[in-house]
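A.B. asks: Dropping the structure in here first, questions after.
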Amino acid sequence: MEEYPDRESATNEYAERFAGSVGRVLLKRQSELLLKVLALVREDLGTERSESPQLRLLDVGGGHGQVVAALTADLSMGLTVLASSVEALGQVAEAVADQRVAASIGALHASGLAAESFEVVTCLRQLPHFSEWRALIAELCRLSNSLVVVDYPPSLSSNLLYSIFFPLKKRLEGNTRHFRLFSHREVVDEFAKHGFTPIFREGQFLLPLVLYRALKSPALISLLEFPGARLGLRKYFGNPVIAGFRKRRSG
């Protein structure tokens, strides 16, 4: 486990894992689920914040740039990326320089940003690699006044074959890292400590991503995923999971 996992996920080497036609399929599925979560709360947020249509979004550890396009496609959303260092801005450095995205530098689990200063806080590709994952969840909840979205690798998924596929993953990606597996219950319980309840959870892919990278065929991805998607297996047993948590309202 690491203290600065966003520095790795912001590198060009990491970005290459999601390059090409297969990479676009993987990122498209991730973005679709992210926008699906946002759609669940967008109407509520618009009603609650009638004085201003713009939603403030924070992407924690988002120097990988994987969700910037999805989050900034709607001009009523203002995006800030929190990175552990200037170098960790990585793939969003240009967007920051062009002022399309704002940036904040600080520890991911102790940012120094004001509490509840964002309607939506997202954190992808960080939780399974972060040494203080409970502290990270606490900070995500502290910063959000409405919704937190995370991803994580669930133990009840293709990760049951983790020990078998990791050598292949290491051989294909070279600098791949070990990661922590989570049960859904421990993630839900951790968010509950900070007043957040689950409103969404859906798996991205039924089969290991490393297999799809090895096959190098978007058509095969669609073919292999179709039965599981049709039967609802991907939603409940897919990996990694995109999960949304809503802040409980008093009264």
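A.B. asks: Using a Förster distance of 41 Å, how high is the FRET efficiency between residue 85 and residue 231, based on the Cβ-Cβ distance and rounded to 0.05?
C.D. replies: On the way: r = 44 Å, r/R0 = 1.07.
According to the calculation, E is roughly 0.40.
A.B. asks: Could you work out the Rg to Rh ratio of the stretch 67-136, with Rh taken as the Kirkwood radius (inverse of the mean 1/r over all Cα pairs)?
C.D. replies: Numbers: Rg = 12.4 Å, Rh = 13.1 Å.
Checking Rg against Rh, the ratio lands at 0.95.
A.B. asks: Any idea how far apart residue 214 and residue 28 come out in nm if each label point goes 7 Å out from Cα toward Cβ?
C.D. replies: Placing both labels 7 Å along Cα→Cβ, they lie 2.4 nm apart.
A.B. asks: Projected onto the charge dipole of the stretch 181-251 (+1 at Lys/Arg Cβ, -1 at Asp/Glu Cβ, origin at the Cα centre), which of 220, 206, 250 gives the Cα projection farthest towards the positive end?
C.D. replies: Of the options given, the answer is 250.
A.B. asks: Let me ask something additional. Please list log₁₀ I(q)/I(0) at q = 0.10, 0.16 Å⁻¹ for the chain, using the Debye equation with identical point scatterers on the alpha-carbon positions.
C.D. replies: -0.46, -1.25
A.B. asks: Does anyone have the angle between helix 162-173 and the longest principal axis of the chain? Alpha-carbon axes, 0 to 90°, nearest 10?
C.D. replies: In the chain, helix 162-173 runs at an angle near 90 degrees to the longest axis.
A.B. asks: While we're on this one: Calculate, for the chain, the solvent-accessible area per residue in square angstrom, rolling a 1.4 angstrom probe over the heavy atoms of the protein chains. Show your work: numbers first, answer last.
C.D. replies: On the way: 11490 Å² over 251 residues.
Result: 46 Å² per residue.
A.B. asks: Please compare each pair in 28/235; 36/193; 36/216; 28/216 to a cut-off of 20 Å on the Cα-Cα distance and tell me which ones are over it.
C.D. replies: Numbers: 28/235 16 Å; 36/193 25 Å; 36/216 27 Å; 28/216 16 Å.
The pairs that break the limit, which is 20 Å between Cα atoms, are 36/193; 36/216.
A.B. asks: Which residue fluctuates the most in the chain, going by a Gaussian network model with Cα springs under 10 Å, if the choices are 37, 188, 121?
C.D. replies: Most flexible of the set in this elastic network: 188.
A.B. asks: What do you get for the angle between helix 218-231 and the principal long axis of the chain? Use alpha-carbon atoms, 0 to 90 degrees, nearest ten.
C.D. replies: Taking Cα atoms only, the helix is inclined about 70 degrees.
A.B. asks: How big is the antiparallel share of DSSP beta bridges in the chain, given as a percent to the nearest 5?
C.D. replies: Working: 15 of 35 bridges.
Here the share of antiparallel DSSP bridges comes out near 45 percent.
The values are calculated or read from the model by the stated rules, or taken from the named source; none is laboratory data. The model shown is predicted, which means the values in this text are computed figures rather than measured ones. For neighbour counting, all protein chains shown are included, and Cβ atoms are generated from backbone atoms with ideal geometry for every residue, glycine included. With ligands, DNA and RNA removed, areas are computed over all heavy atoms of the protein, side chains included. Shrake-Rupley method; radii C 1.70, N 1.55, O 1.52, S 1.80 Å.
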